[in-house]
Each structure stands twice: as structure tokens, then as C-alpha cells.
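Q: Structure provided below as C-alpha cells; questions to follow.
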């Protein structure tokens, strides 16, 4: 398993999945590493899309390969006020949806849209929640093109509380 990213969630996932190795997105773009699973986790401008493109084009005809893009609920219209971040995640999701539904791919591709994560004072999901979801997606016999996970707290209430911090 390959994980792009060198901090936060990527480091946690590399400890949870003991066979995983993590690399910066820049290193993987320069020198792609071979394995069966890529967790495309590191958000650096539009580099996450470039990394998806690289691995998708390498793996598209291989049934035993799986790319999991870590995206965000912010990719949805009218949700995020972080305009550039939201646009980058929306672009990742749009490209991923195009290849999932409009290509002859054989590899598995999943987009995992995360809600507020690991916040100190607001209801949020944990790194463990994300790891458990990834493990479920990897181990299922079903195709899971995309999934959103978020805390059960009311979204509008959390956003209101977040704006008052």
C-alpha cells in the first residue's frame, strides 16, 4: 500500500496499515512506486489530481489495483467558504467521476469525502473513523465509487459553531 502524504492523516494511516509506506506527492510524481493500493491523501494545490492521473493511467487495465482518493465534503457546491480548496477537491471528484463512469477501467477507484476531521472543540470524525472506512472499502467485494463520512451532529449547527470560533 502506498500513501501520499507526510503528516497528519497520512502518517496515521501508515501506522494503521502496517504494510503501507508513505511518500510526499512530489516524490511519487517524480518516481512512482509500485503496489496494489494507492491512498491519494496529500492535498497540495492540484497535485492530488496529477497523482491520480498518473496512477490511473498506469493501473487502469489491472483488476487488482485500487486507488482511494481522499477528498472532502467541501467539494460539494455551496458548502465551503474555502473557495480554492473546494475547487481543488471538486476538480479531483469531477475527474474521478469521469473515469469511474466514462472509461473502460478495470482498477477500482474510490473517492472518500471527509467531513470536519479531528477538531478540538467541534463534533468531528477521527483518523480512526477514516482508517476503518478505508479498510471496509478495501475489503468489500462491491464497487464503491464514492462515500462521504461525517460526524452525526447537524451540519448547519456545526458550521454555525465553527463561524463563532
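Q: What residue, among those in segment 78-98 that are under 20 Å from residue 155 (Cα atoms), in contact with a strand residue (DSSP E or B) (Cβ under 8 Å, 6 or more places away or on another chain) and assigned to a helix (DSSP H, G or I), is modelled with the highest pLDDT?
A: Here the answer is 89.
Q: Among the candidates 157, 120, single out the residue that is surrounded by fewer than 15 Cβ atoms within 10 Å (Cβ to Cβ), in a helix (DSSP H, G or I) and at pLDDT below 95.
A: When all the criteria are applied, what remains is 157.
Q: Looking for whichever is without any contact (Cβ under 8 Å) to a residue 12 or more places away in the chain and under 30 Å from residue 151 (Cβ atoms) here; the options are 85, 7. Which one fits?
A: The match here is 7.
Q: Which one is nearest to residue 4 (Cα to Cα), of the residues in segment 44-60 that are surrounded by 16 or more Cβ atoms within 10 Å (Cβ to Cβ) and over 16 Å from the mean Cα position of the chain (by Cα)?
A: By that ranking, first place goes to 59.
Q: Do you know which residues across segment 123-154 are within 15 Å of residue 68 (Cβ to Cβ), in contact with a helix residue (DSSP H, G or I) (Cβ under 9 Å, 6 or more places away or on another chain) and in a loop (DSSP other than H, G, I, E, B)?
A: 143, 144, 145, listed by residue number.
Q: Can you tell me which residue within segment 10-43, out of those that are in contact (Cβ under 8 Å) with a residue 60 or more places away in the chain and closer than 19 Å to residue 140 by Cβ, is surrounded by the fewest Cβ atoms within 10 Å (Cβ to Cβ)?
A: 16
Q: Within segment 107-117, can you find the residues that are part of a loop (DSSP other than H, G, I, E, B) and in contact with a helix residue (DSSP H, G or I) (Cβ under 6 Å, 6 or more places away or on another chain)?
A: 107, 115
Q: What is the one condition in (1) within 18 Å of residue 41 (Cα to Cα); (2) modelled with pLDDT of 95 or more that residue 101 does not satisfy?
A: So residue 101 meets the others, but not (1).
Q: May I pose another question? Go through the residues of segment 99-113 one by one and say whether even a single one is without any contact (Cβ under 8 Å) to a residue 24 or more places away in the chain, surrounded by fewer than 18 Cβ atoms within 10 Å (Cβ to Cβ) and under 20 Å from residue 74 (Cα atoms).
A: Looking through segment 99-113, none of the residues is without any contact (Cβ under 8 Å) to a residue 24 or more places away in the chain, surrounded by fewer than 18 Cβ atoms within 10 Å (Cβ to Cβ) and under 20 Å from residue 74 (Cα atoms).
The values are calculated or read from the model by the stated rules, or taken from the named source; none is laboratory data. Remember, it's a predicted structure, so these values are computed and weren't measured experimentally. All Cβ positions, even for glycine, are placed from backbone atoms using ideal geometry, and neighbour counts span all protein chains on display.
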